Amino acid sequence: MDKTSGLQLMALSRRAIVTRSVAAAAGVAVLFGLVTEAAAKMSQKSVDYQDTPKNDQECSNCSLFQEPNSCTIVDGEISPKGWCKFWAKKAG
């Protein structure tokens, strides 16, 4: 094999690597889309959400609560005075 043939093989190898990399990146993008879809918020019923606090636990002092009336993991409108089984004390 002469020098030119060796360079052509290297170029084809690079092309194959780039092609495979692009295909792999597309596959990762598709998988990421599926994971994001699976990470949708849970229903209020499935987390035992209630509009009233449970002792001193209420959404307003939960680390998952987002002002003014939503939650990072529970779907729908959330009362600051509400509660669910995933309540986690806000830091600080």
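The values are calculated or read from the model by the stated rules, or taken from the named source; none is laboratory data. All of these numbers come straight from a predicted model, not from anything done at the bench. Here the Cβ positions follow ideal geometry from the backbone for every residue, glycine too, while neighbour counts run over all protein chains shown.
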- Task: Return yes when MET10 is outside any helix (DSSP H, G or I), modelled with pLDDT under 60 and of a type outside the set (D, E, K, R) and no when it is not.
- Result: no
- Qualifying positions in the range 77-88 - in contact (Cβ under 8 Å) with a residue 24 or more places away in the chain and surrounded by fewer than 13 Cβ atoms within 10 Å (Cβ to Cβ): LYS81, LYS85, ALA88
